[in-house]
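Report on the following structure.
The values are calculated or read from the model by the stated rules, or taken from the named source; none is laboratory data. Computed from a predicted structure; not experimentally measured. Virtual Cβ from ideal backbone geometry, glycine too; neighbours counted across all protein chains shown.
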Amino acid sequence: MKITVLGTGTSIGVPVIGCKCDVCSSADPHDRRLRSSAVVEIQGKRILIDCGPDFREQILRLPFGKLDAVLLTHEHYDHVGGVDDLRPFCVFGAIPIYAEALCVKHLKERMPYCFGENRYPGTPELELHEIVPGESIDVGGVSVLPIRVMHGKMPIVGFRIGRFAYVTDMSDMPEDSFAHLKDLDCLILNALRHTPHHSHQTIKEALSVVEKLGRPKTFLTHLAHTAGLHRDSARFLPEHVRFAYDGLVMNLPE
Ligand SMILES: [Zn+2]
Ligand SMILES: [Zn+2]
Ligand SMILES: [Zn+2]
């Protein structure tokens, strides 16, 4: 299994427009964070997790090829704003999108020209599939498990594929979900910054989740500029946890 991290920034990305802080003015490419997303390649399939407003820029950096599925964690713009840009991938056929019912509803409302009877000619061919947390879906023979996590008061999903899991925009999760995230080889987990936020966990809170899960190798994502410089992060993170960065590639056993 190959994971390519496409973006690791919070909803407004890093650098923040107009900000002159050390992180936003850093020359280190690790401190430039597009909106959070990743591609998983497994058993010859290519699965995109979230499709934010930076999707076009992110996917241009990878070889062009079929996308077998798009998994959406929730309907916030920084996770779905690039759905229209899936259009070039429709040369391989309609693209299945997997999301919870509320996210599906929002996509239909936001992009009515793409769905329903009277589609505008030339719009992307997207097949919407509703998913339910705890019920595995089959993507061309690859089993994907949606897992319930909470984004403040909003229920959203993370995904587990084999011994890899991707959880973003979480503030906390129900006890049941911890059981679905045991025995991981690798976890991508959100952590916004050092100070509390109503709908995202802090770096410290993320570390306690990692601890509770038995310390899998973890990369933190959805980082704000106030999380600090990438090069300083190893000083306050344990050895098995690192800041993710745009372009990070991991090869895991399938
Ligand atoms: Zn987000
Ligand atoms: Zn800044
Ligand atoms: Zn969100």
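Condition check ((1) closer than 20 Å to Thr218 by Cβ; (2) among the polar types (S, T, N, Q); (3) within 16 Å of the chain's Cα centre (by Cα)) across all residues:
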site: Asp78; (1), (2), (3): no, no, yes
site: Asp85; (1), (2), (3): no, no, no
site: Pro96; (1), (2), (3): no, no, no
site: Lys105; (1), (2), (3): no, no, no
site: Cys114; (1), (2), (3): no, no, no
site: Gly134; (1), (2), (3): no, no, no
site: Val139; (1), (2), (3): no, no, no
site: Asp169; (1), (2), (3): yes, no, yes
site: Phe178; (1), (2), (3): yes, no, no
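Conditions tested, residue by residue: (1) modelled with pLDDT under 95; (2) part of a loop (DSSP other than H, G, I, E, B); (3) in contact with a helix residue (DSSP H, G or I) (Cβ under 9 Å, 6 or more places away or on another chain).
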| position | (1), (2), (3) |
| --- | --- |
| Val23 | no, yes, yes |
| Ala27 | no, yes, no |
| Val40 | no, no, no |
| Arg46 | no, no, no |
| Pro53 | no, yes, yes |
| Pro63 | no, yes, no |
| Lys66 | no, yes, yes |
| Val70 | no, no, yes |
| Thr73 | no, yes, yes |
Which one is surrounded by the most Cβ atoms within 10 Å (Cβ to Cβ), of the residues in the range 95-114 that are hydrophobic (A, V, I, L, M, F, W, C) and modelled with pLDDT under 95?
Cys114
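Give the residue, chosen from Arg56, Arg33, that is among the basic types (Lys, Arg), buried (at least 21 other Cβ atoms within 10 Å of the Cβ) and either in contact with a strand residue (DSSP E or B) (Cβ under 6 Å, 6 or more places away or on another chain) or over 20 Å from Ala165 (Cβ atoms) (or both).
Arg33
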Okay, strands (runs of 3 or more DSSP E) sitting entirely in the range 115-215 with 3 or more residues that are crowded, with 20+ Cβ neighbours inside 10 Å and on the phi < 0 side of the Ramachandran plot, I get 142-151, 154-161, 164-167, 186-190
Among the residues of the range 84-94, are any under 25 Å from His200 (Cβ atoms), of a type in the set (A, V, I, L, M), buried (at least 19 other Cβ atoms within 10 Å of the Cβ) and modelled with pLDDT of 95 or more?
no
Hey, among the residues in the range 1-21 that are part of a loop (DSSP other than H, G, I, E, B) and of a type in the set (S, T, N, Q), which one's farthest from ligand 1 (Cβ to nearest atom)?
Thr8
Given the residues Gly52, Gly13, Gly44, Gly9, which is the only one that is of a type outside the set (Lys, Arg), within 16 Å of ligand 3 (Cβ to nearest atom) and out of contact with any Ser or Thr (no Cβ under 9 Å at 6 or more places or on another chain)?
Gly13
List every residue pair whose Cβ atoms sit under 7 Å apart, with the two residues 6 or more apart in sequence or on different chains, where the first one lies in the range 179-205 and is under 23 Å from Ile3 (Cβ atoms) and the second, anywhere, is of a type in the set (Asp, Glu) and outside any strand (DSSP E or B).
Asn190/Asp169; His200/Asp169
